[in-house]
Every structure is written in C-alpha cells, then in structure tokens.
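In what follows, a structure is listed as structure tokens, so that the remarks can point back to it.
The values are calculated or read from the model by the stated rules, or taken from the named source; none is laboratory data. What you see is a predicted model, and the numbers here were worked out from it, not measured in a lab. Cβ placement follows ideal geometry from the backbone for every residue including glycine, while neighbour counts extend to all protein chains displayed. What goes into the accessible areas is simple: the full protein's heavy atoms, side chains included, and nothing from ligands, DNA or RNA. Shrake-Rupley method; radii C 1.70, N 1.55, O 1.52, S 1.80 Å.
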Amino acid sequence: YWKGFIPPIVGIGAITAIIGVEDLGTAVLLFTVTCFILLAAGSKVWHFATFVPVAFGGFYLAVFRSDYRLARLNTFLDPFQDPEKDGYHILQSLSAIAAGGISGLGLGNGIHKFGYLPEDTTDFIFSVICEELGLFGALAVVSLYIGLAVLGINVVKRARTAFYQLLALGIVVTIGLQASINVLVVTALVPTKGIALPLLSNGGTGWLLTAFCIGLIDAIDR
C-alpha cells in the first residue's frame, strides 16, 4: 500500500489536479486510466476505497465551485431549460443524430455541420457521422473501436514482460475510455466534456500521439 500504491496515486493526483483547473474531462480520463493500471498491477480494491473521500472532495470543488461546470451539469439534467444558450450544443447534437435515422442522409449531405452544430469536426464529429451515415455508420465506428480494444487486449495477454503488459493495457484503456466518453457525451448520456474522438476528431498533436501509441502496441506484439 505505502510503496506500490501511495506514490503513484499521489503523483497522478497532483498532476490531474493541475490539469483539472482548466480541463476536468482530461484530468478524469488520466486519473481513471492510472487506476486501471494500478489495479492490473496488483493494487487492491480497498486501496482505492481509502481515497473515495478525497475523490468526492475534489469532485465537489471542481464542479460545485465552478459556475460553468455547474451549468453543464444542470444542462445535462435538463437541456431544454435554456435551449438557446447552455442547452444549444447538446440539443443540436441530438437533432443531428435523430436526422440521420437508420441509413443517414448520405456522406457529405449533413446539414448541422454548416454552422448549427459547434465543434462539428472535433468533439462532436460523431454526431455528424450519425447524421450522414445513420445508425449503420455509427455502429460501424463503434465496432472499429471495439475491435481495436479486443486486438489490444490480445497483445496484452501475449506480452512477455509485466512492463509491456501494463504499457499496452494503458494505451488500450486510454483510447477505449476516451472514445466511450466522447460517444456518451454526444448522445447526452453524460455531461458535456471536451474529449475528442480518437483518430476521427480533427487535431494535430493528439492524433499523432494516438497513432504513435498504437504503433507501440504493434511493436510490443512483434
């Protein structure tokens, strides 16, 4: 507990606390991935239970002491209370998804990307995919992420050393959790977070680092 759990959890806690000042979504993602790795490395569930009060305290300070984050939480609970301001983003996302239906409007024929849906090429690109390619396109994208995760887990199982196993697991969990959070956000199942969709959202550094990490998994497999 004191040698294998406390040092990394305190270290990542300090890092994510700094990040969480401006970007709570990324901080939660990093902290959750770290917990997955520690659990896989041999930490016990009761180890994490000792930090539950600290986690609740941090959540309270991060959300209920921030006006815009509290507004996001209220918008998640009822996006129709202010449809022209706080609720506009998520309502446009749901409208785009609904417009796609089963088969979609056709690739390139989406309407919401023309000034109606904010962040249509980054955080909410999945909404555009749903509008243009419909349910089938959405399921295809989700299936690709699931396939990537399954292949990554197979590499983890075959890795020769514990270090390679934990490295590959961390990459798989990071990409899988990031994709899951993004899809849940655009479908209004969790409050809005600034989490991009890996390998699909427009971006430079994040896209390159994700591709680099997938290359590491391939190297471990070889």
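The equivalent ellipsoid that matches the C-alpha gyration tensor of the chain spans semi-axes of 32, 25, 13 angstrom, in descending order. Among the trypsin sites (Lys or Arg not before Pro) within the stretch 70-152, those in coil by DSSP and having at most 14 neighbouring Cβ atoms inside 10 Å are LYS85.
Roll a 1.4 angstrom probe over the protein heavy atoms and tell me the percent of accessible area of the chain that is carbon or sulfur.
Ligands and nucleic acids excluded, carbon and sulfur reach 69 percent.
On a per residue basis, the chain carries 58 Å² of accessible surface, using protein heavy atoms and a 1.4 Å probe.
Toward the positive end of the charge dipole of the chain, with +1 on the Cβ of Lys and Arg and -1 on the Cβ of Asp and Glu, the farthest Cα among PHE51, PRO7, GLN92 is that of PRO7.
Which helices of the chain meet both criteria: a Cα extent of 30 Å or more along the helical axis and a mean Kyte-Doolittle score no lower than -0.5, with helices taken as whole DSSP H segments?
Numbers: long enough: 125-158 (39 Å, 1.65); 162-186 (36 Å, 1.90).
Flagged H segments are 125-158, 162-186.
Fully extending the segment from PHE56 to ASN154 would add 31.8 nm, taking 0.36 nm per residue of separation and subtracting the current Cα-Cα distance.
Starting from the Kirkwood radius over alpha-carbon pairs of the stretch 48-121, derive D by Stokes-Einstein at 20 °C in a medium of 1.002 mPa s and give it in µm² s⁻¹. Write down the numbers at each step before the final one.
On the way: Rh = 14.8 Å.
So the translational diffusion coefficient is about 145 µm²/s.
A quarter of the convex hull surface defined by the alpha-carbon atoms of the stretch 104-222 gives 7.9 nm² as the mean projection.
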